[in-house]
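Structure, as structure tokens:
Derivation of every value follows stated rules applied to the coordinates shown; laboratory data play no part. None of these values were measured; they are calculated from a predicted model. Every residue, glycine among them, receives a Cβ derived from its backbone with ideal geometry; neighbour counts consider all protein chains shown.
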Amino acid sequence: MTVLVRNARQLLTLAGEHGPRRGSRLSELGLVENGAVLVREGRVVAAGPAAEVEALPDAGRAEGIDARGAVVMPGFVDSHTHLIHARPRLADYEMRLEGANYAEIARAGGGILSTVRMVRSATGEQLEQQGKAALRTMHRHGTTTVEAKSGYGLDLDTELRTLEIAGRLGAVPTYLGAHVTPPEFAGRAGEYIEWLCREVMPQVASRALARFADIYCDEGAFSLSDARDYLLRAKELGFGLKMHADQFSRLGGTKLAVELGAISVDHLEHAGAEEVQALASSTTVATLLPGAVFHLGLRCYPPARALIEAGAAVALATDFNPGSSPTCNMQMILSLACTEMRMSPAEAIAAATINGAHALGIGGRAGSLEPGKSADLLVLEVSDYREIPYHFGVNHVRLTMKQGAVIPWD
Ligand code: NIG
Ligand code: FE
């Protein structure tokens, strides 16, 4: 099927670069005034000035979508989510608002381990329904590619089940066995990591259930030496590497991840000058998750400006999860990135599309509107892209297209 999206007052192609965008090029959106996009069999044939695209032979026969003077851009790539987590943690939220800290919430039966209990006792069907509902919300808010981590099962069966569901739902699955130490290994984090490396990771690899392996390296989670063992084993088994690093404390995780050639390091709230430099001189994408800082009521936003100015490749993602960032909305992440981290609207859009795609190793087929790439695009109810973060907390998406098909809202 051939589709022509026309009458875009602003078309953002994000075209023109092979790797992730860095430095001043992060704000180059490939903006075309009065643009059109021609799509055939789920892929972009052409994206550019209406006069050129509409003159192509196929354009006359195409089914038309009239953007009516709106902004058209690539769909968001949400490269860091904990999509499958059974249920929200509303009691934790209220306790935190009343001033309780992480340890108090955990003592009251909340925190990550309470989600682990919920996910272990849920049926596959329940988890799939929960994931599907969240994905629907993501699509409505303009996300067309979603990464989904395991890490709320921690035992073999529940981790495998979570990854299978993530794959079935069309997400990019990441194995996060090393999220926290489960109760059956309480006080024995090192032994847990050994067990993951010996028993679990090889099964995830042989069943091809995840493309990436991730570890939460922080106080209260895993140490730097645990992270080294885990990531080295993951690398040996062929996984791409990711790390949750520098969220609450600076343990040296970022430098380790860079040294091991990780595809991304995520969070970075407490990254300092050394981490910024390490990232700037590497191919590792710095994925920032301002939703987690906002929801936790903290002020320690990651150093986006320093990273961009040093030349690091910066991406933005939701970190959608029930504890620290219960949002499915990348537009809200853009607003936080601009207001709290001083990114420009253009930088935030590039970080949330093409750079997110590079953080998942799919920059060659998603994240921008270029010939041959997947036709994942949005029509937004605004006439200037800067309105997307500016009018915060509002859903601007009128239409989401994935692989050339308009996603129906039900
Ligand atoms: O990315 N940092 C670790 N994990 C999550 C929080 C998970 C939870 O609270 O359930 C995060 O912020
Ligand atoms: Fe996370």
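Couple of notes before you dig in:
- Highest-fluctuation residue, 306, 46, 234 considered, GNM on the chain with Cα pairs under 10 Å: 306
- In terms of other Cβ atoms within 10 Å, 155, 214 run from fewest to most in the order 155, 214.
- When the chain is treated as a Gaussian network with alpha carbon springs shorter than 10 Å, the biggest mean-square fluctuation among 240, 75, 220 belongs to 220.
- Excluding same-chain neighbours fewer than eight residues apart, the aspartates and glutamates reachable from residue 373 by a Cα-Cα span under 16 Å are 17, 41.
- Calculated [θ] (222 nm, deg cm²/dmol) that DSSP helices of n ≥ 4 give over the chain, each run adding -39,500 (n - 2.57): -9500 deg cm²/dmol
- Prolate/oblate/rounded label for region 97-202 (Cα gyration tensor, a/c 1.5): oblate
- Remark: 33, 309 ranked as 33, 309, counting other beta-carbon atoms within 10 Å and listing the fewest first.
- Burial ordering of 407, 308, 263, 215, fewest other beta-carbon atoms within 10 Å first: 407, 263, 308, 215
- Take every DSSP beta bridge whose two residues both sit in the chain; close to 45 percent of them are antiparallel.
- Table column - 3J(HN,Hα) (Hz), region 159-170, Karplus curve with 6.51, -1.76, 1.60, x for Gly and Pro: 5, 5, 4, 4, 5, 4, 5, 4, x, 4, 7, x
- Hull shadow area, averaged, region 265-385 [alpha-carbon convex hull, nm²]: 7.9
- Summarising the overall dimensions of region 77-139 from its C-alpha atoms, the Rg and Dmax are 13.4, 36 angstrom.
- Taking the square roots of 5 times each eigenvalue of the Cα gyration tensor of the chain, largest first, gives ellipsoid semi-axes of 35, 22, 20 Å.
- Each residue of region 4-15 is assigned a 3J(HN,Hα), and the resulting list reads 10, 8, 10, 6, 8, 5, 10, 9, 9, 8, 6, 7 Hz, derived from the Karplus form 6.51 cos²θ - 1.76 cosθ + 1.60 (θ = phi - 60°), x at Gly and Pro.
- Pair residue 34, residue 277: separation of 7 Å Cα→Cβ label points (nm): 5.1
- Nitroxide proxy distance, nm - points 7 Å out along Cα→Cβ at residue 120 and residue 98: 2.7
- Cβ-placed point charges (K, R +1; D, E -1), dipole of region 83-164 about Cα centre in debye, nearest 20: 200
- FRET efficiency, 1/(1 + (r/R0)^6) with R0 25 Å, evaluated for residue 25 and residue 61 via beta carbons: 0.10
- Global form of region 130-263, assessed from the alpha-carbon gyration tensor, a/c cut-off 1.5: prolate
- Here the Karplus relation 6.51 cos²θ - 1.76 cosθ + 1.60, evaluated at θ = phi - 60°, turns the backbone of region 136-144 into coupling constants of 4, 4, 4, 4, 4, 9, x, 8, 10 Hz, with x for every Gly and Pro.
- Nitroxide proxy distance, nm - points 7 Å out along Cα→Cβ at residue 225 and residue 155: 3.0
- Each other residue within a Cβ distance under 14 Å of residue 55 adds +1 if Lys or Arg and -1 if Asp or Glu, for a net charge of -1.
- Point-charge dipole on Cβ atoms (K/R +1, D/E -1) for the chain, about Cα centre, debye to 20: 460
- Percent RCO, i.e. relative contact order, over region 202-286, from Cα pairs under 8 Å lying at least 6 residues apart: 25
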